[in-house]
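The values are calculated or read from the model by the stated rules, or taken from the named source; none is laboratory data. Please read all numbers here as calculations on a predicted model, not as lab measurements. Because the Cβ atoms are built from the backbone with ideal geometry, glycine has one as well, and the counts that use them run over all protein chains shown.
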Amino acid sequence: MSNLEELLNKLQIKKLNQFQEKVFNTFLNTKDNILMVAPTGIGKTTIAELIMLSNDKGKSVYISPLRALSYQVFNELSNITPVRLATGDVYIDDNEVIDENIIMTTYEKFDSIIRRNYEWLEKVNLIFLDEIHNMRERKRSEAIELVLQWALEKGIRIITASATVGQIEKIAEWLNAKIINADIRPVPLYEYILYGNKLISKDGKIMILKKNIINYIVEKGKNILIFQNTRKRAESEYDQLRAIYRDKVALFHGGLPKEERQKILQLIQSGKIQIVVSTTALGQGVNLPIYCVLFREMTLPQIENGRFMGWKLISVNEYKQIAGRAGRPRFDSEGVSIIEAKSEWESRKYLKFITSELEPINSYLTLPKFVLAHLSRNEYESLDQIFNAIKYTFTLKTVSKEEIENTINDMEEIEMIGEQYVDDNKYLYLLPFGRAVSFSYLDINDAKYYKQYIYDTDTDILKIIAYSPKIKEISRNADVYDILRDWILGNDVKDLVEYGENITVNDVKNIISTATWQAYSYYSILNALNIKNKNNALYKWLEIENGVPKNAINLVNLKGIGRKLALFLYKMGYNTKKEICSNIKNIIENMEKDDDMRKQIWRINELCKAKK
């Protein structure tokens, strides 16, 4: 283990604060699992990095809710020690060998990794799971609980952290963890309701503002994060503010390209941007020097099966998580959170957000999902072994053997699970279909849907994907088949919004991304069962993933050749690098006639550089 002073120097930290010292000493001097409950800005990520650098007896895995947060930790540690970033698509098998001792990943990706039971996982002796409060979210809950159940069952040391977790004693009891609580923020947060020109504090005191709150913050030389509940509203407010404040304003949401998001984060950190308009994309994890958070809205859209069902009030936990972005050590001596109310009634209603306790965590792990994941990690398991393993879950530990047996029988009926007897003892295992479903991160409904098409050679594969359950959930009633068809034919994303009412470019991107996952999953099922139609499914997946027809897939995968250039070459009748380089003069002459292609001539020259 490296000397503490040496590690702090490497992390460019002068000294630990009192909370960090307490956590680090507990880590060094005990074998306890640890549940850190501390406000944003106290340095939970820093202590995670220090602990992982200090763990020289095995592999450490840092698990976060966001690729961006894992990437941030990866960047901070990669200059100090060999580290691995494992944040790719959950359905891709890409981490069979990991030599590094520190791995950064996300909830879902690590769940998919442990389902594959790689040999290197035996060396993992520590996991640091950040933002455990996300277990209350339906879409994140399953992966978090499965990862923690796996660690508890294996006896792997667990450290978790959150600024906004309710019922901490219940979580600590499940994890057999020592609670280390820091009630005091290193930078105090002042919370207000804004109604008209009045700022109302939680104790009812009123301050009168003499100018617009945004003007006040900007003139003070500070910055402000404005939360809007939809991308369209965020974009609209951004346009309005941009006309006034010009380059001091940035728009941030999850639909922006990764490079653009990184650039914006750097500009915020440098102080060049003072106003950030965002959705919930900046609500978690990413460390930003924000002075004030302004909530324009306190509702979020409620979507069910791809349909807008109305608006729901955000939870106290969600509010606290976003508000916690305000006031960062080394940047501010205070932070400010403001909820804007549009009426006196709203101003009274919203007071609960700054005075109420956090809501408890409710997990959403189902019994079929647990059985599928558990059998993925273990070659053969008896009913008793499954029953013992389920006791390590948060949600299902009280289920009976009879319930487990009924679930297994249902999964046997659709040929996901098989059984084998050894000395009169029955052992269960995943059949190829079940293993393919698990590795593809599908659920039982997906499995039942795709099973009906396993031997179907008449139905268009694109239709099978377009009408799948997961696509229906996110489609917003758009004509998904037409979107995917035109995407493969080379149409631009912005032109595909015509296939739905009120869908945005980001909705189309989400449809394409989900369809890529579903197409791969359908292919992997056919491949696992060695079905004749598997090659057609493979090419359909590659067509959707790359956004080009089958005969252009080879082109789009040539080094330096993107989708647009690949489509241009394909339409000219070229299919291979040899054909391109043999006709380079003719290709460049045609590219000169196209404004977009002219800018990419250098790519052709790079591709065809002579190698002797």
Test: residue in the range 501-512 that is over 24 Å from the mean Cα position of the chain (by Cα), over 26 Å from LYS109 (Cβ atoms) and either without any contact (Cβ under 8 Å) to a residue 24 or more places away in the chain or assigned to a helix (DSSP H, G or I) (or both): no
Strands (runs of 3 or more DSSP E) (entirely within the range 119-200) containing at least 1 residues that are within 24 Å of the chain's Cα centre (by Cα): 124-130, 157-162
Residue list for the range 183-205, restricted to those being surrounded by 16 or more Cβ atoms within 10 Å (Cβ to Cβ) and of a type in the set (Asp, Glu): GLU191
Search result, residues across the range 319-343 that are among the small types (Gly, Ala, Ser) and in a loop (DSSP other than H, G, I, E, B): GLY324, GLY327, SER333, SER343
Count of the range 393-404 residues which are outside any loop (DSSP other than H, G, I, E, B) and either of a type outside the set (Val, Ile, Thr) or not assigned by TED's automatic domain parsing to the domain that holds LEU428 (or both): 3
Extreme residue, modelled with the highest pLDDT, among residues of the range 86-110 that are of a type in the set (A, V, I, L, M, F, W, C) and more than 17 Å from the chain's Cα centre (by Cα): ILE102
Residue within the range 210-230 that is part of a helix (DSSP H, G or I), within 29 Å of THR45 (Cα to Cα) and of a type in the set (Lys, Arg) present: no
Leading residue by the ranking (surrounded by the most Cβ atoms within 10 Å (Cβ to Cβ)) among those in the range 324-350 that are at pLDDT 85 or above and of a type in the set (D, E, K, R): GLU340
All helices (runs of 4 or more DSSP H) inside the range 543-612 with 3 or more residues being outside the structural domain of ILE465 (by TED's automatic domain parsing) and among the basic types (Lys, Arg): 563-571
Filtered residues of the range 377-392 (kept if of a type in the set (Ser, Thr, Tyr) and either over 19 Å from LEU430 (Cβ atoms) or not assigned by TED's automatic domain parsing to the domain that holds LEU428 (or both)): TYR392
Spans of helices (runs of 4 or more DSSP H) in the range 1-97 with at least 1 residues surrounded by fewer than 17 Cβ atoms within 10 Å (Cβ to Cβ): 4-10, 18-29, 67-78
Pairs, first over 20 Å from ASN530 (Cα atoms) in the range 411-435, second surrounded by 13 or more Cβ atoms within 10 Å (Cβ to Cβ) and among the polar types (S, T, N, Q), C-beta under 8 Å, six or more apart: ASN425/SER382; LYS426/SER382; TYR427/SER382; LEU428/SER382
Criterion (over 27 Å from the mean Cα position of the chain (by Cα) and aromatic (Phe, Trp, Tyr)) met by exactly one of TYR520, TYR453, TYR467, TYR449: TYR453
Answer residue from the range 567-596, given it is of a type in the set (A, V, I, L, M, F, W, C) and closer than 20 Å to ASN491 by Cβ and is surrounded by the most Cβ atoms within 10 Å (Cβ to Cβ) among those: LEU569
Flag for ASN477 being part of a loop (DSSP other than H, G, I, E, B), at pLDDT 90 or above and within 24 Å of ARG231 (Cβ to Cβ): no
Subset of the range 440-464 [more than 17 Å from ALA537 (Cα to Cα) and assigned to a helix (DSSP H, G or I)]: ILE444, ASN445, LYS448
Single condition SER363 does not satisfy, out of (1) in the same structural domain as ARG435 (by TED's automatic domain parsing); (2) more than 27 Å from ILE454 (Cα to Cα): (1)
Lone unmet requirement of (1) aliphatic (A, V, I, L, M); (2) touching a strand residue (DSSP E or B) at 6+ places or on another chain (Cβ under 9 Å); (3) under 18 Å from ILE144 (Cβ atoms) for LEU375: (3)
Pairs with Cβ under 7 Å, 6+ apart, first in the range 65-80 and in the same structural domain as ALA161 (by TED's automatic domain parsing) and among the charged types (D, E, K, R), second buried (at least 17 other Cβ atoms within 10 Å of the Cβ) and part of a helix (DSSP H, G or I): GLU76/GLU49
Filtered residue count, the range 407-433, keeping only those that are outside any strand (DSSP E or B) and either buried (at least 17 other Cβ atoms within 10 Å of the Cβ) or modelled with pLDDT of 95 or more (or both): 6
Any chance TRP602 is farther than 20 Å from GLY490 by Cα and among the hydrophobic types (A, V, I, L, M, F, W, C): yes
Which numbered condition SER438 misses (of (1) under 21 Å from GLU145 (Cβ atoms); (2) out of contact with any helix residue (DSSP H, G or I) (no Cβ under 8 Å at 6 or more places or on another chain)): (2)
Single unsatisfied condition, ALA478 versus (1) touching a residue at least 12 places away in the same chain (Cβ under 8 Å); (2) under 20 Å from VAL548 (Cα atoms): (2)
The lone exception for LEU372 - which of (1) assigned to a helix (DSSP H, G or I); (2) touching a Ser or Thr at 6+ places or on another chain (Cβ under 6 Å); (3) farther than 20 Å from ALA143 by Cα it fails: (3)
Residues that are acidic (Asp, Glu) and under 30 Å from ILE339 (Cβ atoms), drawn from the range 148-197: GLU169, ASP183, GLU191
